[in-house]
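For reference, the structure is listed below as structure tokens.
The values are calculated or read from the model by the stated rules, or taken from the named source; none is laboratory data. Note that the structure is predicted; figures quoted are calculated from it, not measured. Neighbour counts run over all protein chains shown; Cβ positions are idealised from the backbone, glycine included. Only protein heavy atoms, including side chains, enter the accessible area calculation; ligands, DNA and RNA are left aside. Shrake-Rupley method; radii C 1.70, N 1.55, O 1.52, S 1.80 Å.
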Amino acid sequence: MANRRKLVVGNWKMNGRLTSGLNLAKDVADKASAQKPLAFDVVLCPPATLIWPVAEVVAGSPVMLGAQNGHAANHGAYTGEISAGMLADLGCRYVILGHSERRAAQGETSAMVAEKIAAAQLAGLIAILCVGETQEQRASGAAETAVARQVSESLPEKFDASKLVVAYEPVWAIGSGELPTLDDIRRIHKAIRKTLGPVGEMVQVLYGGSVAPSNAGPILAEPEVDGVLVGSASLNSDGFWAIAEKCR
Ligand code: PEP
């Protein structure tokens with residue numbers, strides 16, 4: 001089996017003001033710096049307004065920076081949008097793409113996500129592709145097929161596997177406190193790798209959805225799980241770090 005490094009990503013979503021966001025980032029950076037060299041990778045994805053100030057706070061620490069979305073075009077007349085090149089310019093290394101909240105609320109299709117991944121990789125960013133089945137798909141036993149289809153439809157024809165992370169985030173598990181069984185996580189992660197083809201063994205596949213300090217241990221101990229994407233629990237530095245430490 002490939003030697004994949006564990007990765008913990010905090011998705012702050014639309015949370016954090018200047019003071020609270022910078023305090024949170026500083027706390028995480030301090031905890032990470034105290035354990036240098038880190039045995040795992042840590043990425044913070046603040047809202048766009050905080051990317052630059054957070055970049056200054058985490059500079060010199062092992063904490064890396066990511067964004068929550070990026071546009072498919074490099075520049076131009078796209079009011080309110082931010083391109084992958086702009087994110088790279090601010091020091092982002094990662095960008096979350098195809099999150100289920102954007103697929104549902106902004107009508108992002110897998111074809112649109114594929115264009116965004118191509119643009120992100122071209123700008124040198126590592127794309128974190130989010131996929132996951134709905135409650136209905138799960139109930140009808142179609143989770144594996146739905147996720148596999150989403151993976152293949154969300155990837156550009158040509159993609160760079162070294163700049164790709166896939167996050168398995170069941171839609172029903174996000175923010176609900178409910179989690180799939182470890183068997184289910186293992187099964188879907190294997191299906192994701194199979195869909196990726198020969199490069200599947202080198203791509204990090206994360207789990208996301210209601211990860212908390214109380215449940216992260218067994219999830220991160222699972223060899224198929226290369227890390228976690230954390231939403232609400234990433235808004236508290238102690239809780240987020242308690243999750244991250246389960247990577248050790
Ligand atoms: C997410 O939305 O990416 C997520 C993982 O959320 P939560 O941890 O709050 O379920």
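Rounded to the nearest 20, the Cβ-based charge dipole of the range 45-204 about its Cα centre (Lys and Arg +1, Asp and Glu -1) stands at 300 debye.
Screening the chain for whole DSSP H helices with an alpha carbon extent of at least 15 angstrom along the helix axis and a mean Kyte-Doolittle hydropathy of at least 0.0 yields 18-34, 110-122.
Above 25 Å, the calculated P(r) of the chain contains 37 percent of its Cα-Cα pairs. Candidates Gly80, Val57, Ala39 compared by Cα position along the dipole of the chain: farthest toward the positive end lies Ala39, with charges placed on Cβ. In this Cβ point-charge picture (+1 for Lys and Arg, -1 for Asp and Glu), the range 116-248 has a dipole of about 260 debye about its Cα centre.
Scanning residues 5 or more positions from Ile174 or on other chains, none has an amide H under 5 Å from its amide H, with H placed 1.01 Å from N in the peptide plane. Its convex hull of Cα atoms gives the range 1-116 a direction-averaged projected area, equal to a quarter of the hull surface, of 8.6 nm². Each principal axis of the range 123-241 carries a Cα extent, and these read 39, 37, 23 Å when sorted largest first. A straight line joining the Cα centroids of the range 212-248 and the range 60-136 runs 22 Å.
In the chain, Cα pairs under 8 Å separated by at least six residues give a relative contact order of 20 percent. Only protein heavy atoms count here; on that basis, with a 1.4 Å probe, Ser140 has an accessible area of about 90 Å². Take each peptide in 167-173, 179-185, count the other Cβ atoms within 10 Å of every residue, and average; sorted highest first, the result is 167-173, 179-185. Here the relative contact order of the range 53-190, from alpha carbon pairs under 8 Å that lie six or more residues apart, stands at 22 percent. Build a GNM of the chain with springs between Cα atoms under 10 Å apart, and of Asp89, Asp27, Asp238 the one that fluctuates most is Asp89. Under 28 Å Cα to Cα from Lys31, which lysines show up? Leave out anything in the same chain fewer than 8 places away. Counting by Cα, and skipping residues close in sequence, Lys31 has these lysines nearby: Lys6, Lys13, Lys163, Lys246. When the solvent-accessible area of the chain is split by element, carbon and sulfur atoms take up 53 percent of it, the probe being 1.4 Å. A straight Cα-to-Cα reach below 18 Å connects Lys116 with the aspartates and glutamates Glu81, Asp89, Glu101, Glu108, Glu153, Glu157, Asp160, residues fewer than 8 places away in its own chain not being considered. With the convex hull drawn over the C-alpha atoms of the range 189-232, the volume per residue is 66 Å³.
Between Asp27 and Ala77, take the C-beta separation as r, use R0 = 51 Å, and let me know the FRET efficiency to the nearest 0.05. Efficiency computed from Cβ-Cβ geometry: 0.80. The residues of the range 15-98 present an accessible area of 47 Å² per residue when probed at 1.4 Å with all protein chains retained.
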